[in-house]
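These notes are about the structure you will find just below.
The values are calculated or read from the model by the stated rules, or taken from the named source; none is laboratory data. Because the structure is a prediction, the values reported are computed rather than measured. Cβ coordinates were reconstructed from backbone atoms using ideal geometry, including for glycine residues, and neighbour counts include every protein chain displayed.
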Amino acid sequence: MSAEAQFETVVPAKKAKVFAFPAQPASRRIDMKKVATGVARSIVPPLIVILLILLIWQIACSTPGASLPPPSVVWEQAGELIWNPFFDYGNGDIGLAWRVFASLQRVAVGFGLAALVGVAVGAFIGQSVWAMRGLDPIFQILRTVPPLAWLPLSLAAFRDSHPSAIFVIFITAVWPVIINTAVGVRNIPNDYRNVAAILRLNPIEFFFKVMVPAAAPYIFTGLRIGIGLSWLAIVAAEMLTGGVGIGFFIWDAWNSSRLPDIIVALVYIGVIGFMLDRLVAGFGAFITRGTAAN
Amino acid sequence: MAGYLKIEHVDKSFERNGVTSEVLKDISLEISEGEVISIIGHSGCGKSTLLNLIAGLTEVSSGAIVLGSEVVSGPGPERAVVFQNHSLLPWLTVYENVNLAVAKVFGGKKSKAERHEWIMHNLDLVQMGHARDKRPAEISGGMKQRVGIARALAMEPKILLLDEPFGALDALTRAHLQDAVMEIHERLHNTMIMITHDVDEAVLLSDRIVMMTNGPAARIGEVLAVPLGRPRRRLELAGDRTYLKCREAVLKFLYERHRFVEAA
C-alpha cells in the first residue's frame, strides 16, 4: 500500500521535469516533420500512380499501328497548350485557359440562375404540402431527362446558341438544388418554427433568418451536385452549339484530327471540375460552420 | 389583478385519419398578474398541449383564452415560451440568439445602443453575459436553458410559459436553474406558467399547482395553493411542514387517486 503511494507521488514529478525544458523546440521540429510526412503521404502515392499510368500508356501506344498518341507525342504536339495556357495568336487561336474561362462564364450564369431558382422553388415546395404533392412527381420525371435532350428545344426557343447553352446548364443543375433544398426545409426542426412563430417573423424574415441557415447543409449538397452536373453538361452542349469554349475546342480538335489536343483538354476539364467541386464544398463548409445541431 | 389570464371552458381535440381524439376537456383557470403556476400531471395528460394553447401555437377547439383584455389567437412575443430543449438557433451566438428576439420585438422602439443594453441586461440576469459570443454547441445544457430563459425574458412578455424547462437537465443543474428562476421572479414579479413532472419543483416554485387528471379528455383535477412565503430557500423548506404537506397532497393526487395505469 505504502509502496504504491510512493510510486504514485514520485513518477509524475519526474515526468514534469523531463518535459518542461525541451518542450518548445521539440514540438516545432515534430511539426515540420509532420507537415513533411503529411505532404509526402498525399502527394507521393498519386505521383507514383500517374507515372505508372504514363509508362503503361507510353508502352501500349508506341507500337506502329497504335490508334492513340502516346504521352511523348502529346507533349511534343500539344506541349504549348500545357505550358502556355494564356497565348492569343489571333483568329480564335487562343490558349486553353481562355477557352475554359469562356465555358466557366456560361456555367457561372447558368448555375447562378439554377441556384437562385432552385433555392426559391425548393423552399416553396418544402414549405407547402400541396406544392410538394403537385410538383414533386413532375420534378422527379424531368430531372432524369439528359441535359442534351433539352438542347434542340432550347435552340428552337431561343434561336441562338449562347442562351441555349446557358439554359441547358440551368435545367441540368436546377433539379438537385430544388430537391435538396426541399428536403432541408422539410427537416427544419419544429422548435425553430415555433420560435419564429412566437417572434412573429414574417415569411421573408423566416426565409433568411431561419430557413436558409437551417437548411444550408442540404442546400450546399444540392449546389455541389449541381455544379458537377453543370460542368458535365457544358462540355457536351458546347460541342453542339460551337463558339468559344473548352467543349467546342474538343470537337474542333476531333474534326482536324488533333488527338493530342483532346487529351490535354480532357485533363483541363477534369482539373477544373475538381476545383469547382472543392470551391462549392469549401464555401458550404465555411457558411454552415455553425449549423451542426445542438 | 385577478383574472389576468383567463382560460374559459377550453376543449381541445385532434383529428387524425378521421379519428377524433379528445385531449383536453372543459379546462377553466384564472391566473393573477405576478402569479407562478405549475401544471403537473402524468405524461400524456395534455399539459404540454395546454401550454401550446396558451402560447397560441395550437388553436383551441372550443372555449377561449384571454390575456389582459385580448383573446389569444396565434403565437406572439407577449406570451414567450421557454422550450424543453432550449430551441436556440445553433448558427447564432448566444448574443445573436437573444438579439433575434430583441431586434424583432423592440426594433422600432429602442435605439441600437438601448437594444444592446437590454440584451446584455437579460443575459446578465441569467448569468450568461460571459458567454455572449459562444455558440449553443459550445455551452452546457444548463447554460443553453439559461439563454433560452434570457431570450424569452428579453421579449418582455406579459406571461412567461415554461414547457418542462429543466426536464432534460441533471438534478444539480436543475436546482441551480430553479433558484435562478426564483431570483428572476423576485426581481421582475412576472407571471409564469410552468409545465413540470417534478413534484418538488412544483411546490418549490409555484403559488398554485394545477393537477391534471389522466387523458384522454384530461381535466383539471385539483388546484392546490402553496401558502409559503417568498423568498423561498430550498434548504429551509426541506423540513418545513407546509412544504411537506403540499408535497404530500400532490403525491397523493398523482399516485393514489390518478395513478398512471400504463406506467404500472
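For the reader, a short list of remarks on this structure follows.
- Given (1) surrounded by 17 or more Cβ atoms within 10 Å (Cβ to Cβ); (2) out of contact with any Leu (no Cβ under 8 Å at 6 or more places or on another chain); (3) assigned to a loop (DSSP other than H, G, I, E, B), index of the condition B:ARG247 fails: (3)
- Considering the conditions (1) part of a loop (DSSP other than H, G, I, E, B); (2) surrounded by fewer than 20 Cβ atoms within 10 Å (Cβ to Cβ); (3) not small (Gly, Ala, Ser), B:GLU114 is excluded by exactly one of them, (1).
- Sole residue being at pLDDT below 90 and either assigned to a helix (DSSP H, G or I) or surrounded by fewer than 20 Cβ atoms within 10 Å (Cβ to Cβ) (or both), chosen from B:ARG146, B:ARG151, B:ARG174: B:ARG174
- Among the candidates B:ARG151, B:ARG146, the residue that is within 16 Å of B:VAL94 (Cβ to Cβ) and either more than 14 Å from chain A (Cβ to nearest Cβ) or of a type in the set (S, T, N, Q) (or both) is uniquely B:ARG146.
- Restricting A:LEU240, A:LEU266, A:LEU276 to residues that are over 14 Å from A:VAL107 (Cα atoms), in a helix (DSSP H, G or I) and under 20 Å from the mean Cα position of the chain (by Cα) narrows the list to A:LEU266.
- Some residue of region B:44-60 being acidic (Asp, Glu), within 13 Å of another protein chain (Cβ to nearest Cβ) and within 27 Å of B:ILE184 (Cβ to Cβ): no
- Condition met for A:PHE111 (touching a strand residue (DSSP E or B) at 6+ places or on another chain (Cβ under 8 Å) and either closer than 30 Å to A:ILE53 by Cα or not basic (Lys, Arg) (or both)): no
- Exactly one residue out of A:ILE204, A:ILE171, A:ILE219 is more than 14 Å from chain B (Cβ to nearest Cβ) and assigned to a helix (DSSP H, G or I), and it is A:ILE171.
- Some residue of region A:249-260 being within 14 Å of chain B (Cβ to nearest Cβ) and either under 24 Å from the mean Cα position of the chain (by Cα) or not hydrophobic (A, V, I, L, M, F, W, C) (or both): no
- All of (1) more than 22 Å from the chain's Cα centre (by Cα); (2) crowded, with 18+ Cβ neighbours inside 10 Å; (3) part of a helix (DSSP H, G or I) hold for A:GLU76 with one exception: (2).
- For region B:190-202, the condition of being of a type outside the set (D, E, K, R), part of a helix (DSSP H, G or I) and away from chain A (no Cβ under 14 Å) holds for at least one residue.
- A Cβ distance below 8 Å, combined with a sequence gap of six or more or placement on separate chains, defines the contacts here; from region B:210-235, residues that are in a loop (DSSP other than H, G, I, E, B) reach residues that are among the small types (Gly, Ala, Ser) in the pairs B:THR213/B:GLY41; B:THR213/B:GLY221; B:ASN214/B:GLY41; B:ASN214/B:GLY44; B:GLY215/B:GLY44; B:GLY215/B:GLY46; B:PRO216/B:SER21; B:VAL226/B:SER206.
- Wholly enclosed strands (runs of 3 or more DSSP E) of region B:1-107 bearing at least 3 residues within 15 Å of the chain's Cα centre (by Cα): B:36-40, B:79-82
- If you filter region B:67-101 down to residues that are touching a strand residue (DSSP E or B) at 6+ places or on another chain (Cβ under 9 Å) and among the β-branched types (Val, Ile, Thr), you find that the one that is nearest to the other protein chains (Cβ to nearest Cβ) is B:VAL81.
- Extreme residue, farthest from the other protein chains (Cβ to nearest Cβ), among residues of region A:185-201 that are touching a residue at least 12 places away in the same chain (Cβ under 8 Å) and in a helix (DSSP H, G or I): A:ARG186
- Test for B:SER140: is it surrounded by fewer than 18 Cβ atoms within 10 Å (Cβ to Cβ), polar (S, T, N, Q) and within 14 Å of chain A (Cβ to nearest Cβ): yes
- Selection count where residues are surrounded by fewer than 24 Cβ atoms within 10 Å (Cβ to Cβ) and touching a residue at least 24 places away in the same chain (Cβ under 8 Å), scope region A:202-213: 3
- Looking only at residues in region B:22-43 that are among the polar types (S, T, N, Q) and surrounded by fewer than 20 Cβ atoms within 10 Å (Cβ to Cβ), the one that is farthest from the other protein chains (Cβ to nearest Cβ) is B:SER28.
- Among residues that are over 20 Å from B:GLU222 (Cβ atoms), free of Cβ contacts under 8 Å to residues at least 40 places away in the same chain and within 14 Å of chain A (Cβ to nearest Cβ), B:GLY18 is not included.
- Within this structure, B:VAL94 fails the test of being under 25 Å from B:GLU15 (Cβ atoms) and surrounded by 23 or more Cβ atoms within 10 Å (Cβ to Cβ).
- Test: B:LYS110 is touching a Phe, Trp or Tyr at 6+ places or on another chain (Cβ under 7 Å) and either under 25 Å from B:ILE209 (Cβ atoms) or away from chain A (no Cβ under 14 Å) (or both): yes
- Taking first residues from region B:83-99 that are free of Cβ contacts under 8 Å to residues at least 24 places away in the same chain and partners that are in a loop (DSSP other than H, G, I, E, B) and β-branched (Val, Ile, Thr), the Cβ contacts under 9 Å between residues at least 6 apart in sequence or on separate chains come to B:ASN99/B:THR93.
- Of all residues in region A:154-177, those satisfying the criterion of being hydrophobic (A, V, I, L, M, F, W, C) and under 28 Å from A:ILE219 (Cβ atoms) are A:ALA165, A:ILE166, A:PHE167, A:VAL168, A:ILE169, A:PHE170, A:ILE171, A:ALA173, A:VAL174, A:TRP175, A:VAL177.
- Evaluation of A:THR172 against (1) without any contact (Cβ under 8 Å) to a residue 60 or more places away in the chain; (2) under 25 Å from A:ASN187 (Cα atoms) (one fails), failing number: (1)
- Checklist (1) within 14 Å of chain A (Cβ to nearest Cβ); (2) assigned to a helix (DSSP H, G or I) applied to B:GLU156, failing item: (2)
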